[in-house]
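Laboratory data are not the source of any read-out in this text; all were calculated from the coordinates shown. The model shown is predicted, which means the values in this text are computed figures rather than measured ones. Because the Cβ atoms are built from the backbone with ideal geometry, glycine has one as well, and the counts that use them run over all protein chains shown.
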Ligand SMILES: Nc1ncnc2c1ncn2[C@@H]1O[C@H](COP(=O)(O)OP(=O)(O)O)[C@@H](O)[C@H]1O
Ligand SMILES: [Mg+2]
């Protein structure tokens, strides 16, 4: 009997290839964490806006399928979501919303528990729809759920680069390590970008980075890059309450500057970047096989 992956591969052959960004290739970055509530959604939203301000075309994908938050934080009232794409009711271009600074947003709906619970046909319709996107993007930023659920691992495995978000608490650091360990051992990921949220200074962020590096050095050959840090700022909570991202509400604040620096850093350091010989993000999502 043919396995599911083989049939997905065949089906994918029928779909046209994904369009690529103006620079010739689209970079996909997942924003993920071991522990929930560490600031992923705020970071990915502000990063999207800062990259758009740098002139990049950005698609922000809400892949926290169970606890979708992006539409609420952006005060979007999506009529349709990924769910409507999955059930074949809508095409992806009808679902995409325009957010601040012209970012494109693919909203999810709270209530779909797990990508892994979707049928093969539903997965395929999402992948085919994603690959049919009319717009070319420079970046696809993916807000994953927290933890080590299969859908989180899957989106991380499909992305070109993984940005792990942690704060300075030992629980968040331990959970970040657990997630990276799984991605390294099961999915052969060799390189992670580390973003420290709610740090009081670069010195504190460096301390968190060094601790994680020292654990890895003992057990796994993994490159952990300190991409940057975001300070603790009560204005983030105000921004969430007013459903307006901090980069829009307080564009000249030190925290908006920190998001800008993070975006500049990521834009200037493509890491291993998209590998032309590797299937692209959408194909990898489709070819992903539960291990
Ligand atoms: N840098 C920060 N400074 C202060 N509060 C923050 C910061 N980042 C996040 N928060 C708070 O933490 C909450 C959770 O952030 P969120 O982005 O929703 O996390 P996650 O997506 O990882 O669950 C936010 O509502 C906000 O109040
Ligand atoms: Mg979130």
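Rounded to 0.05, the FRET efficiency of the residue 89 and residue 215 pair, given R0 = 51 Å and the Cβ-Cβ distance, is 0.65.
Please compute the volume of the convex hull spanned by the alpha-carbon atoms of region 136-241 and report it per residue in Å³. Mind showing how you got there, number by number?
Numbers: hull volume 13.4 nm³, N = 106.
Here the figure is 126 Å³ per residue.
Once the C-beta distance of residue 72 and residue 268 is scaled by a Förster radius of 35 Å, the resulting FRET efficiency is 0.65 to the nearest 0.05.
Stretching the chain fully between residue 201 and residue 223 yields a gain of 5.7 nm (0.36 nm per residue, less the alpha carbon separation). Take the Cα of residue 185, step 7 Å along the line toward its Cβ, and report every residue of region 217-235 whose backbone nitrogen sits under 13 Å from that point. The answer is 219-221.
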